[in-house]
Amino acid sequence: MSFEDQVVLITGAGSGMGRLAAQRLCAAGARVAGADVNEEGLRETGRDRERFRAFPLDVTDERAVARTVAEVEQELGPIDRVMNAAAIMPTGLLMDQDAGLVNRIMDINYCGTVNVTMAALPAMLARGRGDLVNFASIAGWLPALHFGAYNASKFAVVAFTEVLYHENRNRGVRFACVCPPPVATPLLDQAKSQPKVLEDLPPIAPEKVLDAIESHLDRGKLMVFPDRVAKLSYHMRRFLPGLMWAGGHRTEGI
Ligand SMILES: NC(=O)c1ccc[n+]([C@@H]2O[C@H](COP(=O)([O-])OP(=O)(O)OC[C@H]3O[C@@H](n4cnc5c(N)ncnc54)[C@H](O)[C@@H]3O)[C@@H](O)[C@H]2O)c1
């Protein structure tokens with residue numbers, strides 16, 4: 001796969017899937033702008049990669065996001081692909097979390113995605129080409145005990161991306177809404193309340209998710225369910241919600 005001289009902006013590039021995507025795309029010839037609050041993480045991502053440029057950024061800061069997008073376009077050129085991967089996932093029963101934390105999760109996971117999309121997408125639409133890849137989660141379809149705040153933020157990402165796609169299809173830009181089950185990245189370490197459901201679902205490899213994104217983009221498929229667990233969970237939620245909740249209560253003992 002060649003991305004020779006394509007310009008890619010990736011948020012959350014200092015860790016996990018954002019980092020892996022950045023490194024893979026650099027290896028495929030792209031010039032990658034990696035944005036993250038974690039500057040040390042960005043340095044690690046870009047180590048010995050001259051095609052990588054670090055842009056320290058808090059995606060919740062709308063003005064800083066607009067400035068960064070403008071800087072990326074000025075320094076690297078028109079953006080061909082945006083990957084919104086920045087997120088946090090502190091778990092916990094909703095009544096054990098304060099409003100500030102619940103709002104913060106929404107701010108980063110959903111509003112951050114909105115900020116970056118609003119800053120970068122108009123120019124891609126005007127050029128009639130580009131890829132917008134928004135990381136949601138299977139948690140954007142399937143609500144679960146301990147994940148309420150994260151669920152709400154990812155449901156929002158799914159709705160936003162789905163409507164955005166339908167409002168702009170046939171305008172040359174490709175869209176992907178990525179809905180993985182648990183993936184082996186540092187994000188899972190944030191599940192401090194130790195939901196038992198994570199013990200039942202061994203994480204898949206981040207490579208599998210990134211491969212699925214490319215194949216779905218190539219086939220023009222919006223929703224990226226990278227494996228059978230994700231697809232099955234989606235169907236459970238749609239057709240057997242009572243069974244889904246019964247399983248959740250049994251698993252967590254609540
Ligand atoms: N790992 C999983 O199990 C899993 C499953 C489904 C979906 N996802 C989603 O995939 C995406 C990538 O997750 P990951 O697993 O690679 O996570 P990760 O924790 O490894 O990386 C997330 C990155 O986002 C950055 N970040 C956090 N807040 C930020 C902010 N305000 N501004 C800029 N950067 C910020 C972090 O510093 C970190 O480098 C996320 O959207 C996540 O919700 C992950």
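Within segment 71-111, count every residue that is in contact (Cβ under 8 Å) with a residue 40 or more places away in the chain, open to solvent by 10 Å² or more (accessible area, probe 1.4 Å), within 26 Å of GLY128 (Cβ to Cβ) and not charged (D, E, K, R).
Here the count works out to 4.
When you check MET89 against the structure, is it touching a strand residue (DSSP E or B) at 6+ places or on another chain (Cβ under 7 Å), within 12 Å of the ligand (Cβ to nearest atom) and not in a helix (DSSP H, G or I), yes or no?
On the way: touching a strand residue (DSSP E or B) at 6+ places or on another chain (Cβ under 7 Å): no; within 12 Å of the ligand (Cβ to nearest atom): yes; not in a helix (DSSP H, G or I): yes.
In short, no.
Each row is one residue, and each column tells you yes or no for (1) under 22 Å from ALA205 (Cβ atoms); (2) within 14 Å of the ligand (Cβ to nearest atom); (3) surrounded by fewer than 20 Cβ atoms within 10 Å (Cβ to Cβ).
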{"residue": "ILE10", "(1), (2), (3)": "yes, yes, no"}
{"residue": "GLY14", "(1), (2), (3)": "yes, yes, no"}
{"residue": "ALA33", "(1), (2), (3)": "no, yes, no"}
{"residue": "ARG43", "(1), (2), (3)": "no, yes, yes"}
{"residue": "PRO56", "(1), (2), (3)": "no, yes, yes"}
{"residue": "ARG63", "(1), (2), (3)": "no, yes, yes"}
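Restricting segment 124-145 to residues that are among the aliphatic types (A, V, I, L, M) and closer than 15 Å to ARG169 by Cα, which is surrounded by the most Cβ atoms within 10 Å (Cβ to Cβ)?
At the first step, the residues of segment 124-145 found to be among the aliphatic types (A, V, I, L, M) are 124-126, 132-133, 136, 138-139, 142, 144-145.
Applying the additional criterion that residues be closer than 15 Å to ARG169 by Cα yields 124-126, 132-133.
Details: MET124: 23, LEU125: 15, ALA126: 12, LEU132: 26, VAL133: 24.
Taking the candidates together, the pick is LEU132.
Using the structure shown, decide if VAL224 is in contact (Cβ under 8 Å) with a residue 12 or more places away in the chain, in contact with a Pro (Cβ under 6 Å, 6 or more places away or on another chain) and open to solvent by less than 60 Å² (accessible area, probe 1.4 Å).
On the way: in contact (Cβ under 8 Å) with a residue 12 or more places away in the chain: yes; in contact with a Pro (Cβ under 6 Å, 6 or more places away or on another chain): no; open to solvent by less than 60 Å² (accessible area, probe 1.4 Å): yes.
When the stated conditions are applied, VAL224 does not pass them.
Across segment 159-193, what is the total count of residues that are within 12 Å of ASN134 (Cα to Cα) and outside any strand (DSSP E or B)? Write out each step before concluding.
So the first thing to find is which residues in segment 159-193 are within 12 Å of ASN134 (Cα to Cα), and the list is 159-162, 164-165, 174-180.
After this cut, where a residue has to be outside any strand (DSSP E or B) as well, the list is 159-162, 164-165, 179-180.
Total satisfying the criteria: 8.
Being open to solvent by 40 Å² or more (accessible area, probe 1.4 Å) and without any contact (Cβ under 8 Å) to a residue 60 or more places away in the chain is the requirement here; does VAL114 meet it?
On the way: open to solvent by 40 Å² or more (accessible area, probe 1.4 Å): no; without any contact (Cβ under 8 Å) to a residue 60 or more places away in the chain: yes.
So VAL114 does not fit the description; no.
The values are calculated or read from the model by the stated rules, or taken from the named source; none is laboratory data. Here the structure is a predicted model, which is why all the values come from computation and not from measurement. Neighbour counts are summed over all protein chains in view; Cβ atoms, including those assigned to glycine, are modelled from backbone coordinates with ideal geometry. Accessible surface is based on the protein model in full, side chains and every heavy atom, while ligands, DNA and RNA are left aside. Shrake-Rupley method; radii C 1.70, N 1.55, O 1.52, S 1.80 Å.
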